[in-house]
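Input: a single structure, listed below in structure tokens.
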Amino acid sequence: MCHIDIHTHIMPSSIPNWVKKFGYNGFIHLEPQGNCQANMMIGETFFRKVEANSWDADIRIREMVETGIQKQVLSTVPVLFNYWAKERDAYDTSRFYNDHIAEVCRAHPDRYFGLGTLPLQDPELACRELERCINELGLTGVEIGSHINEWNLNEAVLWPVYETAQRLNASIFVHPWDMMGQERMKRYWLPWLVGMPAESSLAICSLIFGGVFDRFPRLRFAFAHGGGSFPFTLGRIKHGFDVRPDLVAIDHDVSPERYIGHFWVDSLVHDHHTLEYNLRLFGEDKIAFGSDYPFPLGDLTGGRMIMESEISGEVKEKIMWKNAMAWLGIGETSKKDS
């Protein structure tokens with residue numbers, strides 16, 4: 001069994017001084033700390049300490065071997081999306097991060113698949129970079145945020161990006177970022193514990209109620225963190241659709257439950273009861289192993305909870321690699337979704 005991890009993040013070991021280049025603040029840079037560590041800084045503000053496995057592909061491979069993972073799907077760290085920046089500047093930073101991921105994948109083709117990032121605040125530039133990601137860099141898809149500044153993912157301005165992704169057979173991984181309500185979540189790490197699950201539900205509901213899944217039926221979406229809070233509030237979401245269609249079904253008159261099984265979620269739920277519920281809800285073909293490596297809120301065991309569970313061997317194979325291949329659009333397992 002070839003174990004594949006669809007949810008991992010990587011960054012370059014050295015990031016240009018974007019503030020100096022572009023002339024305004026907000027961009028991430030790294031400050032080396034010795035002992036194979038660095039501080040991610042936003043200007044003078046500390047954001048996060050990271051280890052060398054955040055950028056060193058060889059260290060990652062050693063840790064993959066230790067946990068039994070054969071391949072990782074690489075994507076950038078969401079704080080590097082730079083959707084808030086000026087359009088051309090975000091285009092430049094996206095190209096830099098995409099070039100880095102492509103370089104890592106070319107150096108280790110047996111270990112890594114790559115996802116690009118796009119300057120989605122300018123859909124025309126985003127489409128241009130998406131074409132480059134797939135046709136020139138050889139990446140398999142893109143990672144996008146749960147919203148793009150003031151745009152939710154249903155906005156028609158983003159449809160050209162979805163159309164391009166569908167034409168190019170590109171996978172889309174949706175990751176929460178810039179979490180809602182942060183001004184009320186200053187303590188207890190609540191943006192990551194409460195805001196992130198809500199952001200994933202926002203993304204899924206926006207795509208459902210905006211009719212995006214029907215407009216682009218061959219797009220392959222996957223959502224981080226088991227779909228966030230969406231699976232556990234689906235009953236409320238459906239009830240709202242049923243009793244107040246005048247508020248909910250204003251753009252697309254199809255019940256949300258119809259889209260269960262249309263998209264993938266990763267396995268990162270940290271609880272075997274939750275995993276079993278998601279298997280019943282989404283189906284055994286729509287959950288793929290994802291770890292959020294190398295960050296501590298992830299599953300850094302290589303899927304031990306899954307492998308030690310009472311799930312059948314056939315379903316474990318689906319979760320640990322077959323469903324990833326289908327979502328990526330690679331090989332025989334993807335044909336039924338093409």
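Please treat every number below as a calculation from the coordinates, not as lab data. All values derive from a computational prediction rather than experimental measurement. Cβ atoms come from the backbone with ideal geometry, glycine included; neighbour counts cover every protein chain shown.
Dividing the mean sequence gap of close Cα pairs (under 8 Å, 6+ apart) by how many residues the chain holds gives a relative contact order of 16 percent. The residues packed around Gly138, meaning those with a beta-carbon under 13 Å from its beta-carbon, carry a net charge of -2 if Lys and Arg are +1 and Asp and Glu are -1.
The C-alpha radius of gyration of the range 1-43, expressed as a fraction of 2.2 N^0.38 Å, stands at 1.60. Here the range 168-268 is treated as a sphere whose radius is the Kirkwood value from Cα pairs; by Stokes-Einstein at 20 °C and 1.002 mPa s it diffuses with a coefficient of 149 µm²/s. A compact globular protein would have a Cα radius of gyration near 2.2 N^0.38 Å; the ratio found for the chain is 0.95. Neighbour counts of other Cβ atoms within 10 Å put Val142, Val243, Val19, Val50 in the fewest-to-most order Val243, Val19, Val50, Val142. Measuring nothing but how far apart in sequence close Cα pairs (under 8 Å, 6+ apart) lie, relative to its length, the range 1-86 scores a relative contact order of 38 percent.
Once you sort the root eigenvalues of the Cα gyration tensor of the range 17-166 as a ≥ b ≥ c, which label holds: rounded (a/c under 1.5), prolate (a/b larger than b/c) or oblate (the other case)? Cα axes put the range 17-166 in the oblate bin.
Listed cross-link partners Lys238/Lys318; Lys86/Lys286; Lys49/Lys71; Lys238/Lys316; Lys86/Lys186; Lys49/Lys86 are compared with a 32 Å cut-off, the Cα-Cα value being larger for Lys86/Lys286. Over the range 187-338, the pair-distance histogram of Cα-Cα distances with 10 Å bins from zero comes to 11, 38, 35, 15, 2 percent, rounded to whole numbers. Sorting 65-76, 82-93 by average packing, meaning the other beta carbons within 10 Å per residue, from highest down gives 65-76, 82-93.
Charged side chains reduced to their Cβ positions (Lys and Arg at +1, Asp and Glu at -1) give the range 147-285 a dipole of some 140 debye around its Cα centre.
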